[in-house]
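Below: the structure, in structure tokens.
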There are 2 protein chains.
Amino acid sequence: MTTTARERLLTTASALFYREGIRAVGVERILGEAPSTRATFYRHFPSKEDLVLAYLHGVDDRTRAVVQAAVETSPSPDDALRAIGAAVTDDLADPAFRGCAFLNAAAEYPDPADPVRRLILEHRAWYVGTLTELFGEVFGDSPRRGRPEDAAAHFVMMRDGAMTGAGLDGAEAVGAAFRRGLEGLLTLLH
Amino acid sequence: MTTTARERLLTTASALFYREGIRAVGVERILGEAPSTRATFYRHFPSKEDLVLAYLHGVDDRTRAVVQAAVETSPSPDDALRAIGAAVTDDLADPAFRGCAFLNAAAEYPDPADPVRRLILEHRAWYVGTLTELFGEVFGDSPRRGRPEDAAAHFVMMRDGAMTGAGLDGAEAVGAAFRRGLEGLLTLLH
DNA sequence: CAGCCAAGAGAGAACGGTCTTTCTACCTCC
DNA sequence: GGAGGTAGAAAGACCGTTCTCTCTTGGCTG
């Protein structure tokens, strides 16, 4: 096998955590599907919490890469916001889609002091910060109809709703609602 | 004690489920805080799943009562939609707020065949159906700018996002974003 | 009205299973 | 030879669930 045991454990665990929930997946399941053994597991991840943090860290990394690529390849902040929105609707359309990994994790980790929840907050702060910057650029060269922070909050609210509702109400309908909402938000600013 | 054991068990379990998550709360915890005993518990709820369903059923009942009251006391469908929106922002402002009980439960029960998930889908179908009817009435006596289903989907998407994000980004900011979004949606229809 | 009995509730032991975690032992490959 | 991997036992805690036993209470019957 070309992959290391750590990689195998993390990717297997990530898939299971996302598909079935974090609390619902035990170490036994992960070891059975990785496959690996307890000793190897606990050599790489001192506790299950470290594995959970590594899982969310991986999602965070991939999300940042997607957003960064969307920003860099877009000629205008409008297009960048549209590209980020398209990344959201792409997620919804994935047959393996099961909601936002961070929001799902937040439902399972209510304690604000928990490191998992702190990682979630960090991720969201980065996301909304990036959006606020982009909306700021949009506002920069057109008459302002509000504050960039409010526009970013509106974007995030729609995104969270779409990510949460798509698995329940159907990805197509919710994706269309999100696309219409984002287009409305962007046209409203001009 | 004036309350029955069943009531005590259900209200205690409901508070714990909502505050800490369903999987995170064991029967032991519930019995300790109710207080009651195992035999009594299992006499009223053959399994923990029955308790979970009773918990969500209670939330469903209360939500329907609030929405029904909002509709009945509102002179127009616009006002009814505003009243339902106000009920949402009221929820967000509650210090005990910890997200939508149904969305939190959905994150913990991914299996579509699970009775818990079916109850969640029922609740959402009723909610979006009620909104669709109200938007249909709004569209009825004014030039239409879209379909009632789309407006209802947009409302639900914003609601889901607000309910999910308020516990992470702050209830005041998210509540304000939702209020602005709803007002924008309603003025857009006229 | 008296008596009784079924039902609800309390108390606690105990089941099998699964959880996370730790341990020892052996292998293998740089 | 040491670091990483394999293998498996086992700890200790907690999970949902079942069981037996006792006490109270309310309502029906004679």
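No value in this document is a laboratory result; all are computed from the given coordinates. Because the structure is a prediction, the values reported are computed rather than measured. Heads up, the Cβs are rebuilt from the backbone with ideal geometry, glycines too, and the neighbour counts pull from every protein chain shown.
Here are a few things to note about the model shown:
- So A:Ala152, is it among the hydrophobic types (A, V, I, L, M, F, W, C) and within 11 Å of chain B (Cβ to nearest Cβ): yes
- Region B:113-130, residues that are of a type in the set (Val, Ile, Thr) and in contact with a Leu (Cβ under 8 Å, 6 or more places away or on another chain): B:Val116, B:Ile120
- Scan of region B:168-178 for residues that are more than 7 Å from chain A (Cβ to nearest Cβ) and crowded, with 18+ Cβ neighbours inside 10 Å, ordered by number: B:Ala171, B:Gly175
- Verdict on A:Arg82 being out of contact with any Pro (no Cβ under 6 Å at 6 or more places or on another chain) and within 26 Å of B:Gly99 (Cα to Cα): no
Conditions tested, residue by residue: (1) within 16 Å of DNA strand D (Cβ to nearest atom); (2) of a type in the set (S, T, N, Q); (3) more than 14 Å from every other protein chain (Cβ to nearest Cβ).
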{"residue": "B:Ile22", "(1), (2), (3)": "yes, no, no"}
{"residue": "B:Gly26", "(1), (2), (3)": "yes, no, no"}
{"residue": "B:Glu33", "(1), (2), (3)": "yes, no, yes"}
{"residue": "B:Phe41", "(1), (2), (3)": "yes, no, yes"}
{"residue": "B:Ala54", "(1), (2), (3)": "yes, no, yes"}
{"residue": "B:Val71", "(1), (2), (3)": "no, no, yes"}
{"residue": "B:Arg98", "(1), (2), (3)": "no, no, no"}
{"residue": "B:Leu103", "(1), (2), (3)": "no, no, no"}
{"residue": "B:Asp111", "(1), (2), (3)": "yes, no, no"}
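- Selection count where residues are within 8 Å of DNA strand C (Cβ to nearest atom) and touching a helix residue (DSSP H, G or I) at 6+ places or on another chain (Cβ under 7 Å), scope region A:32-48: 5
- Scanning region B:4-20 for residues that are within 14 Å of DNA strand D (Cβ to nearest atom), more than 14 Å from every other protein chain (Cβ to nearest Cβ) and free of Cβ contacts under 8 Å to residues at least 40 places away in the same chain yields a count of 3.
- Residue among B:Gly161, B:Gly129, B:Gly170, B:Gly181 that alone is free of Cβ contacts under 8 Å to residues at least 24 places away in the same chain and at positive phi: B:Gly170
- Of everything in region B:5-47 that is among the polar types (S, T, N, Q) and exposed (fewer than 14 other Cβ atoms within 10 Å of the Cβ), the residue that is farthest from B:Ala105 (Cα to Cα) is B:Thr37.
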